[in-house]
Amino acid sequence: MIKNVVSMTTQYPCNNSLVSDGSALTDIFRRLLRIRRIEEAIAVRYLEWNMRCPMHLSIGQEAIPVGISMHLTDKDHVFSSHRSHGHYLAKGGDLKGMVAELYGKETGCCGGRGGSMHLVDLKVGFIGSTPIVGGTVPLAVGNAWSASLKNIDRVSVIYFGDGCFEEGVLHESMNFASLYKLPVIFVCENNGYSVYTQLKERQPNRKISGIAKSHGLSVHKGDGNDVLGIASIADKAINSARNGEGPQFLEFQTYRWLEHCGQNDDDDLEYRPRRELLTWKNKCPIERLKTHIVEQCLVTEQQIDLIEHDIKTEISNAFEFASNSPEPSPAQMRNHIYAS
Ligand SMILES: Cc1ncc(C[n+]2csc(CCOP(=O)(O)OP(=O)(O)O)c2C)c(N)n1
Ligand SMILES: [Mg+2]
């Protein structure tokens, strides 16, 4: 039986049984599809000009946060970047709260003050995202240091891109986390680009994961479009960090389908080699899982239609909620300001 409500609290053991567990795989499929469909809806509605914050969509990269969050508890903390929607929703973030935030409304998860690149939701352990590349990395490390000093059973996950690997603060943070054996999971979503520039034009020919290893981190690499492979790596790494074995570095190869910032397909700009996008679209993480569960008869097409329908309803309710929500009151403008 397929649940109608998305449950983000279910944690999955990681063993081979997951590959044939129909209800678990269906739930994972639903989580992936939910992120894809909301971002597609944002892309369409962005043109209405009611959402005014810059938007970095993660279409094509959904499997990484879904595979990782499957093994996080409500007490674990997540830190994110400018491309934050998938990280937030996979951690159990509230869809209505996110859409209202994109609309700048009072009911948004940050009261309408943050927008897409400043999602925060302490209720679900989503401590924050910022547009400053690398800005949240030392925060995640500090958060893990605090857990370590206070003996709290908690891991901190920090998501960042291959471009962030060029920021000095990431290396300082890895060094510190390694020295103090902190329970941090560094997750590099390597989509091969920083805005319009390919990795090989920005970094010498050496492995990102090799540098992380030389900082003393345990390194794991995987296919960022294979949600079950990611889940398997995440399970091991998160357990190791939880058991005091120190920081873990996960590097996943993936690909962003749309432009760096905005709702358009920008393949016509030709900063990416011809057919590269198509090659990656053929490795769509959602289609891959769908093919597996349909071919193994773990789910029927009818059940998939039902999931699509549930998600569509949830998304349309979220947009209605956001557009009907009030604007933040000017009287509260000075709240939450620490300096002026
Ligand atoms: C410190 C800093 N430098 C530069 C920028 C401009 N900038 C915003 S996103 C981005 C690309 C980051 O690439 P990556 O980390 O690979 O993430 P992706 O966009 O590929 O997900 C850059 C250079 C910034 N926001 N902050
Ligand atoms: Mg990148």
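The values are calculated or read from the model by the stated rules, or taken from the named source; none is laboratory data. From a predicted model like this one, the values you see are computed outputs, not experimental measurements. Because the Cβ atoms are built from the backbone with ideal geometry, glycine has one as well, and the counts that use them run over all protein chains shown.
I'd like the residue in the range 181-191 that is closer than 23 Å to Cys261 by Cα and more than 8 Å from ligand 1 (Cβ to nearest atom) and, out of all such residues, is surrounded by the most Cβ atoms within 10 Å (Cβ to Cβ).
Val187
Gly244 passes every criterion in (1) under 25 Å from Glu62 (Cβ atoms); (2) away from ligand 2 (no atom under 16 Å from the Cβ) apart from (1). In the condition set (1) out of contact with any Gly (no Cβ under 7 Å at 6 or more places or on another chain); (2) within 15 Å of ligand 2 (Cβ to nearest atom), Gln198 is compliant with all but (1).
Checking each residue in the range 137-156 for being more than 18 Å from Phe126 (Cβ to Cβ) and without any contact (Cβ under 8 Å) to a residue 24 or more places away in the chain picks out Leu149, Lys150, Asn151.
Anything in the range 129-155 that is within 16 Å of ligand 1 (Cβ to nearest atom) and buried (at least 23 other Cβ atoms within 10 Å of the Cβ)? List them, or say none. Show your work before the answer.
Kept after step one, since they are within 16 Å of ligand 1 (Cβ to nearest atom), are these residues of the range 129-155: 129-140.
Listed by number, the residues that qualify are Ser129, Thr136, Val137, Ala140.
Residues that are at pLDDT 95 or above and under 25 Å from Arg288 (Cα atoms): does the range 93-114 have at least one? Checked the range 93-114: at least one residue is at pLDDT 95 or above and under 25 Å from Arg288 (Cα atoms). Ser323 passes every criterion in (1) over 23 Å from the mean Cα position of the chain (by Cα); (2) part of a loop (DSSP other than H, G, I, E, B) apart from (2).
Determine whether the range 266-275 contains at least one residue that is assigned to a helix (DSSP H, G or I) and away from ligand 1 (no atom under 16 Å from the Cβ). Talk me through it step by step, then tell me what you get.
Residues of the range 266-275 assigned to a helix (DSSP H, G or I): 267-269.
From what's left, away from ligand 1 (no atom under 16 Å from the Cβ): 268.
Yes, the range 266-275 contains at least one residue that is assigned to a helix (DSSP H, G or I) and away from ligand 1 (no atom under 16 Å from the Cβ).
Exactly one residue out of Ile208, Ile158 is within 16 Å of ligand 1 (Cβ to nearest atom) and under 26 Å from Asn282 (Cβ atoms), and it is Ile208. Say whether the condition of being touching a residue at least 12 places away in the same chain (Cβ under 8 Å), within 16 Å of ligand 2 (Cβ to nearest atom) and among the aliphatic types (A, V, I, L, M) is met by at least one residue in the range 216-230. No, the range 216-230 has no match at all.
If you go through the range 206-224 one residue at a time, do you hit one that is polar (S, T, N, Q) and touching a Ser or Thr at 6+ places or on another chain (Cβ under 8 Å)? The answer is yes; a qualifying residue exists.
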